[in-house]
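Below: one structure, written as structure tokens.
The values are calculated or read from the model by the stated rules, or taken from the named source; none is laboratory data. None of the values given here were measured: they were computed from a predicted structure. Cβ sites come from the backbone with ideal geometry, for glycine too, and all protein chains shown count toward neighbours. Accessible surface is based on the protein model in full, side chains and every heavy atom, while ligands, DNA and RNA are left aside. Shrake-Rupley method; radii C 1.70, N 1.55, O 1.52, S 1.80 Å.
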Amino acid sequence: MSASAVFILDLKGKPLISRNYKGDVSMAEIEHFMALLLQREEEGALAPLLTHGKVHFLWIKHANLYLVAATKKNANASLVYAFLYKVVEVFSEYFKELEEESIRDNFVIVYELLDELMDFGFPQTTDSKILQEYITQEGNKLDTGKSRVPTTVTNAVSWRSEGIKYKKNEVFIDVIESVNLLVGPGLGWGGRLRRPRGLWGPGAGDGAAAAPQVSANGSVLLSEVVGTIKLKVFLSGMPELRLGLNDRVLFELTGRGKNKSVELEDVKFHQCVRLSRFDNDRTISFVPPDGDFELMSYRLNTQVKPLIWIESVIEKFSHSRVEIMVKAKGQFKKQSVANGVEIAVPVPSDADSPKFKTSVGSAKYLPEKNVVIWTIKSFPGGKEHLMRAHFGLPSVEKEEDEGRPPISVRFEIPYFTVSGIQVRYMKIIEKSGYQALPWVRYITQSGDYQLRTS
Amino acid sequence: MPYLGGEEALRDLRRALANPHVQADRLRYRGVVLRVIRHMTQGADVSGLFTEMVKASAAADVVQKKLVYLYMCTYAPRQPHLALLAINTLCKDCSDPNPMVRGLALRSMCSLRMPGIQEYIQQPILNGLRDKASYVRRVAVLGCAKMQKLQGDSEVDGALVNELYSLLRDQDPIVLVNCLRALEEILKKEGGVVINKPIAHHLLNRMADLDQWGQSEVLAFLLRYRPRSEEELFDILNLLDGYLKSSSPSVVMAATKLFLVLAKEYPHVQADVLVRVKGPLLSACTSESRELCFTALCHVRQILGSLPGHFSSHYKKFFCSYSEPHYIKCQKMEVLCELVNDENVQQVLEELKGYCTDVSVELAQGAIFAIGNIARTYTEQCVGILTELLGLQQEHITSAVVQTFRDLVWLCPQCTDAVCRALPSCEETIQDSEGKQALIWLLGAHGEKVQNAPYVLEDFVENVKSGMFPAVKMELLTALVRLFLSRPAECQDVLGRLLYYCIEEETDMAVRDRGLFYYRLLQSGVEEVKRILCSPKSDPSLGLLEDPAERPVNTWASEFNTLASVYGRACWALVTAHQPVESCYACSPCTDPKGRRTEPLISEGNKEVLQVHPDTGSLTLIPDMYLTAEQFEKTWLNLDISCKHSLPWHGTAHSDTIQTALHVVHIQTIAMSKAGVQPWKAYLSAQDDTGCLFLTELLLETEDSEMQVSVKQSEAKPEALKTFISILGSVMETVFGLRS
């Protein structure tokens, strides 16, 4: 790759901080960046890659900042973007939140970090855990000049320092599966739009009566499950870990084909996992970094039933009102419970005087986001709930069209995985021979979970 | 905050820095240094404090040292004399017991970028290369590259290069990768770091220790290695297989490129590779980072160019999500167009139809054009959808649909009737001139099938005076004359009025001339007009131009995973083609020596090159000429050299790139030496539309010389020869620009 310079700009394009790594791009080039960006935006041809003369700008936006890498080479774009995101990640770990203010307040550390992250345009030490060993916020308190030399900087295993000690040796394993779902717009109740029997008209309140009319709603356009296994490691010394999963390929290799197993696709590991061993006999063995990290990720392409199914009718009567009716159904095991369910339903931006009625949970109108959020704290599997909302519309209609934002859903189902993946064992071997405890937790949550509205 | 950079502030800071009480109190001292840096960051010039700041670097506080070093690196080029003062302190710090301090000092010293610094940094760098702390070695290795850059053209130090090569065996992975990077920079003129068999195998074995940056770069360096045997090749591929599924998208892309290039001669292996990376690429396409997602989509498009069906079964992954930025949605629509097949066409069209009514005008029109693209294969279905969209009577939708219809009728004449049935009443909705032009063209070319065509055109003629764009007027003229030929009775009067207006009242010269032209043409009789105007109304062969078989993987493998594939080939050529022109007047202060040497050559020798666009000269090279090597040789020996010429060039010539580039402008490569061979030669041939042959020899004696071009011509045509040489010149210029 090789980036000649890295800039951090505010929203107006003014450089907050910059670092000229190579000296072959004039630092004044950045003045063209904002103009170029605005011009492209106006043309509707904005892309994360802009070129001025011989200089290419690869940029990302984070909060109220632009991070821009300038290069003259025909660079490897994905590497540059990955580096910029790494910069964001490292800064965020230092300042909690990376934004204009935190850059201004911590410019010394930002300079120090930029110095260590990259040299002469090449990424150097980018692991924030290692950086934190020798660049600290406390560094701004006085030290005596005899700063400790971190072992990691000179270590062969670059992700773990030697001499780590814990009183209690423990590992926490989180198996998290995110469900991404995209559902096309359905035909609504009864195949064509029919006004739901009014919540506020005669016969109000018998929400259940409306339910039998429900027929075909949207079809699933896309459904996938992305799983990650995250570890929180509190182990002394240089432990050797081995993780056993109910991996189908492994079971077939070892002739345990009958047991319940899971077919994992597109498996990716943290750098610490010995890939050659995995390829040979599917063993996941590694020396872990200290603290939090993502050990592996996988994907499940088998179509699964949407865990929370939404049917909706949003009926807009111009100049007078909008009526919304949403039905949510938990399509998972009765024993499981979804927590913190939030269903966000779009409403026109000029809607007013909201009224809600829900069979469970509470609904809240967020005018700044133009949505109604229906919150259900605990939603057991197999249950069905209803919400109705009513908004007034002004008699003078708004000019511009607003598009059709989707309904989005957030939820979390503990003690449950869609794939049925299981941690069978976690072996921890360290030469001092201590006993360590592994703890396992399973969670299924919503990823990008959207249902289009018609 | 006080107004920055004022004299007052500078004086205050100087006073504080020099104050012995401040210097005695470390915390206060650092505070003052911090204020100086803050001013510097905000763009104020505080270079006047150089002397005081140099003194501040002597402090024991590491953070303060860092700040002062940063200050020095920023202002050293402006204060070279004073910067020499700092060198003493830096040299001393280079032998500090603390490796962090040693590394810091060395890095800063190498980054001073001022003339004459080399002699001071040489020894510390050499010491650094042998330091026991890897942190210092990392810095020292890159220091070598910095030193070479400062020295510019001078000799490469052989001993240093050897030292770096031996450091490839260093324990520390970052030292290893830095060595490769440094050697690459130092040996730039000789074609970069050499990857021979032992080095390649060593790198392969160390891959697992490297971080994602190191892995991506080593994979790129390995591109240079040519395995000696088939067995070795497949061993390498097996060893690297895991990286095709790495969790870092950049490693995946780098590995894919390496596989594609290594397996150049094994198309089935290439195909397998692309199957293997399908999953990782798809997950990069749904990555949380929009930019990575964008890059991945660009590469998916590139792959689809050669393997149209490759992602067809995953088409749903390319459906747009509501909140995605515009550039991703556009890429996704392009991808959808390319992976359409009989099974998914229904669903894809259904999805695209949804985007056609999007709030964003650009997106809606983009979706309509995308449907137009698909219509080349699935005409009937698409025309149905497009016709339906007309019913919405939305300005921008109707305009885009009519434009799509125009292009479609030209490529797929079978849909003409359906299109003509849909046209009536469109004129009421269309407001923009692109849409009007398209509608007018359709009415002119196919007016005999549209009942009310003359009356629609008449309406346009009525409004011709009210701010109509010249382009629309021209289109209107052509259309009316054409329609007049098929429906004279209904058009005569209107045409007369339009011609009268154009000739007597119009102020735009182009329109007026066009009007006069048609007027005179009509005077020469209807038969003559028909002969001239009734050209074919469609050209289905154009639709087939993009035959994927003509774009094998090898044509783009070498540019995979570079900016070229993110831009798209055509766009990239445009971006890079402009560069030599710009460098002529926008002379940046830090032009590298290479740039300086080529510029005079361009401006003196072949000025026309820059002005004449390769394809628009008086010369048209025909695409399908094919000469065998024997024919070439015979002709070559029979002809005399018509012209000798030299082109700026450095380093090795990469045959693949040159060949591809020449192919684009229809110059055929007969034979070419391998990259790096000396002398390097290439034989090219081309033919223009009159049958005149251009035979060319390219000769590169040594890597440092200029490229000698000798051209022989089958007929003496000096004008064409000049254009040919300028085309060749600009192609080589572009290739040269691509490499650096």
How much accessible area does B:Asp417 have with a 1.4 Å probe, in Å² rounded to the nearest 10? 80
Could you give the dipole magnitude of chain B about its Cα centre, charging the beta-carbon of Lys and Arg +1 and that of Asp and Glu -1, in debye to the nearest 20? 3100
Once you sort the root eigenvalues of the Cα gyration tensor of chain A as a ≥ b ≥ c, which label holds: rounded (a/c under 1.5), prolate (a/b larger than b/c) or oblate (the other case)? oblate
Where Lys and Arg each count +1 and Asp and Glu each count -1, what net charge lies around A:Gly44 among other residues with Cβ under 13 Å from its Cβ? -3
For residues of A:102-113, the mean tally of beta carbons on other chains within 10 Å: 3
Accessible surface buried upon A-B contact (total; probe 1.4 Å; Å², nearest 100): 7600
Loop-only check: which trypsin sites (Lys or Arg not before Pro) in the stretch A:1-62 are DSSP coil with at most 13 other Cβ within 10 angstrom? A:Lys12
Gyration tensor verdict on the stretch B:82-235 (Cα atoms; rounded if a/c is under 1.5, prolate if a/b is larger than b/c, oblate otherwise): prolate
Span from the the stretch A:241-319 Cα centroid across to the the stretch B:686-719 one, whole angstrom: 60
Taking a 1.4 Å probe, which of B:Ser306, A:Ser454 shows the most accessible area, and what order do the others take after it? A:Ser454, B:Ser306
Filter the GluC sites (Glu not before Pro) in the stretch A:53-116 to those in DSSP coil with at most 12 other Cβ atoms within 10 Å of their Cβ, and list the result. A:Glu97
Which lysines, on any chain, are close to A:Lys167 with Cα under 20 Å apart, when same-chain ones fewer than 8 places away are left out? A:Lys232, A:Lys427, A:Lys431
Accessible area of chain B belonging to carbon and sulfur atoms, whole % at 1.4 Å probe: 53
At a probe size of 1.4 Å, how large is the accessible area of B:Thr387, to the nearest 10 Å²? 50
With DSSP loop assignment and no more than 13 other C-beta atoms within 10 Å, the GluC sites (Glu not before Pro) in the stretch B:337-430 are B:Glu343
Provide the solvent-accessible area of B:Val194, counting protein heavy atoms only and rolling a 1.4 Å probe, rounded to the nearest 10 Å². 80
Quick check: from the Cα gyration tensor, does the protein assembly as shown come out rounded (a/c under 1.5), prolate or oblate? oblate
Solvent-accessible area per residue, Å², over the stretch B:663-734 with all protein chains present [probe radius 1.4 Å]: 40
Using a 1.4 Å probe and counting only protein heavy atoms, arrange B:His326, A:His319 so the residue with the most accessible area comes first. A:His319, B:His326
Sorted by accessible surface (1.4 Å probe, heavy atoms of the protein chains only), largest first, A:Met27, B:Met109 come out as A:Met27, B:Met109
What is the percent carbon and sulfur in the accessible area of chain A, measuring with a 1.4 Å probe over the protein chains and ignoring ligands? 50
With Cβ to Cβ distances under 14 Å as the rule, what net charge do the other residues near A:Gly13 carry (K, R +1; D, E -1)? -1
Kindly point out which whole DSSP H helices in chain B project their C-alpha atoms 30 angstrom or further along the helix axis while averaging a Kyte-Doolittle hydropathy of -0.5 or above. B:718-739
Computed [θ] at 222 nm, helices only, for chain A once each DSSP H run of length n ≥ 4 contributes -39500 (n - 2.57): -4500 deg cm²/dmol
Average beta carbon contacts from partner chains per residue of B:61-73, 10 Å cutoff: 4
Please count, across the stretch B:270-333, the pairs of lysine residues with Cα atoms under 13 Å apart that sit 8 or more places apart or on different chains. 4
